[in-house]
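Engineer: Here it is, the structure in full.
All of the numbers you see were taken from the coordinates with simple rules; none came from a lab. Computed from a predicted structure; not experimentally measured. Quick reminder, even Gly has a Cβ in these numbers, built from the backbone with ideal geometry, and neighbours come from all protein chains shown.
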Amino acid sequence: MNESHLLNARLPSFRLLSGFEAAARLGSYVLAADELCVSPSAVSHQIAQLEAQLDQPLFRRKGRGVELTVAGRVLQESVVRSLGVIRGGLQRIGSYFDEGLVTLVCPAPVAHGWLQPRLDALIAALPGLCPVVSVDETARYIDELDVDIAISRRPLDQPGVREVALMADALVAVGVPALVESVERGGKAELLCLESDMTGDLTGQVLRERFGGLRRRVIYDDPRLLLDAVLRGRGVALVSRLLADEALTLGRLVRLPGHEPVPAGTLWISCIDGVPRSPLVTGLFEGVRQAALPMDGPAALP
């Protein structure tokens with residue numbers, strides 16, 4: 001079959017491709033037939049139809065089974081990828097029609113430090129809700145299929161989306177109580193920080209001005225690791241107030257005296273503008289808004 005004919009040929013039916021995939025994966029028409037709940041002769045007939053349509057042999061006999069030809073291996077790679085995409089799409093459609101599942105995308109520090117401690121109360125207030133919490137911010141496009149609600153550090157500016165300011169964040173200098181008490185008495189502390197903060201326009205300046213005299217003990221690339229290190233008493237750090245929210249509320253961390261919070265921007269919450277696919281989307285959206293910290297700026301933060 002020449003190239004132009006292949007390009008113009010109709011696509012094989014899904015039934016033929018399913019039979020081919022099963023036979024290729026299992027190496028047997030009999031096993032493929034058992035899996036597909038058809039007769040071995042039906043699978044053999046499907047493969048023959050597919051080979052005739054493609055004008056290419058796809059299998060050769062090997063003992064009591066079959067193995068793929070070169071053409072068969074090439075087709076198998078494409079079919080496996082395509083069936084994976086189709087199965088993924090079917091799963092997403094299933095999730096779409098499950099009103100209990102509501103997908104919320106959120107920056108990892110906010111999800112870890114602020115949202116997670118409030119999740120039980122949000123679920124209790126919305127019977128039937130099963131939130132799908134993701135920190136994959138590359139998938140924050142609101143389309144009612146992948147993402148229902150997004151919390152972001154800047155407006156999405158997406159058509160057909162409702163977005164409102166949620167709460168302010170701030171950078172706060174923190175440490176475990178025993179270490180901060182030691183510092184207040186004149187003791188020494190070491191600095192823990194994020195690699196990105198060292199070169200940031202705002203954070204780099206703050207670190208130099210406030211902590212330039214401290215020895216850097218560990219540098220991290222994940223704010224959650226930074227928080228964990230501070231909680232372990234390894235040193236003091238400048239962290240997002242939202243990331244440290246639960247630890248500060250429980251008294252596991254305290255702020256360093258003399259270090260005022262540094263404004264770190266506003267978080268926004270977004271969902272589709274109009275009637276959502278499920279009332280639980282609206283319920284979770286409003287529940288998160290009500291749980292948000294006051295929008296009064298860093299000075300109001302404990």
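Engineer: With θ set to phi - 60° and the Karplus curve 6.51 cos²θ - 1.76 cosθ + 1.60, what are the ³J(HN,Hα) couplings of the stretch 40-50 in order, to the nearest whole Hz, using x for Gly and Pro?
Structural biologist: Using θ = phi - 60°, the values come out as x, 5, 5, 5, 4, 5, 4, 5, 4, 4, 5 Hz.
Engineer: Oh, and also: Please compute the contact order of the chain in relative form: average sequence separation of alpha-carbon pairs under 8 Å and at least six residues apart, divided by the residue count, as a percent. Walk me through the numbers on the way to the answer.
Structural biologist: Numbers: 453 pairs, mean separation 61.7, N = 302.
So the answer I get is 20 percent.
Engineer: Step through the residues of the stretch 209-226 one at a time and calculate ³J(HN,Hα) from phi using the Karplus curve (6.51 cos²θ - 1.76 cosθ + 1.60, θ = phi - 60°), rounding each to whole Hz and writing x for Gly and Pro.
Structural biologist: Along the stretch 209-226, the couplings run 6, 9, 10, x, x, 8, 6, 7, 8, 9, 10, 10, 10, 9, x, 5, 5, 4 Hz.
Engineer: Hey, another quick one. Would you pull out the residues with amide H under 5 Å of Val66's amide H, same chain only if 5 or more places away, H placed 1.01 Å from N?
Structural biologist: Under 5 Å from the amide H of Val66 lie the amide H atoms of Ser28, Tyr29, each far enough along the sequence or on another chain.
Engineer: Using a Gaussian network for the chain with springs between C-alpha atoms less than 10 Å apart, which of these wobbles most: Val38, Val236, Val176?
Structural biologist: Answer for the Gaussian network model of the chain: Val38.
Engineer: What full-extension length gain, to one decimal in nm, is calculated for Arg217 and Leu250 as 0.36 nm per residue of separation minus the Cα-Cα distance? Could the numbers behind the result be given before it?
Structural biologist: Numbers: separation 33, 0.36 × 33 = 11.88 nm, distance 2.55 nm.
Length difference between fully extended and current span is 9.3 nm.
Engineer: Another question about this same structure. Calculate, in nm to one decimal, what Thr199 and Glu99 gain on full extension: separation in residues at 0.36 nm each, minus their alpha carbon distance. All intermediate terms of the calculation are to be shown ahead of the outcome.
Structural biologist: Values: separation 100, 0.36 × 100 = 36.00 nm, distance 4.40 nm.
In short, 31.6 nm is gained.
Engineer: Between beta-carbons, use under 12 Å as the cut-off and find the net charge around Thr282, counting Lys and Arg +1, Asp and Glu -1.
Structural biologist: Details: positive: Arg162, Arg277, Arg289; negative: Glu99, Asp148, Asp273, Glu286.
Taking every Cβ under 12 Å from that of Thr282, the sum is -1.
Engineer: Which far-off residues, 5 or more places away or on another chain, put their amide H under 5 Å from the one on Thr103, with H placed in the peptide plane?
Structural biologist: Val132, Asp148, Ile149
Engineer: Enumerate the calculated ³J(HN,Hα) couplings along the stretch 235-242 in order (Karplus 6.51 cos²θ - 1.76 cosθ + 1.60, θ = phi - 60°), each rounded to whole Hz, writing x wherever the residue is Gly or Pro.
Structural biologist: In residue order, the calculated couplings are x, 9, 8, 9, 10, 5, 4, 6 Hz.
Engineer: Under the rule of at least 5 residues apart or a separate chain, name every residue whose amide H is placed under 5 Å from the amide H of Tyr220.
Structural biologist: Cys193, Leu194, Glu195
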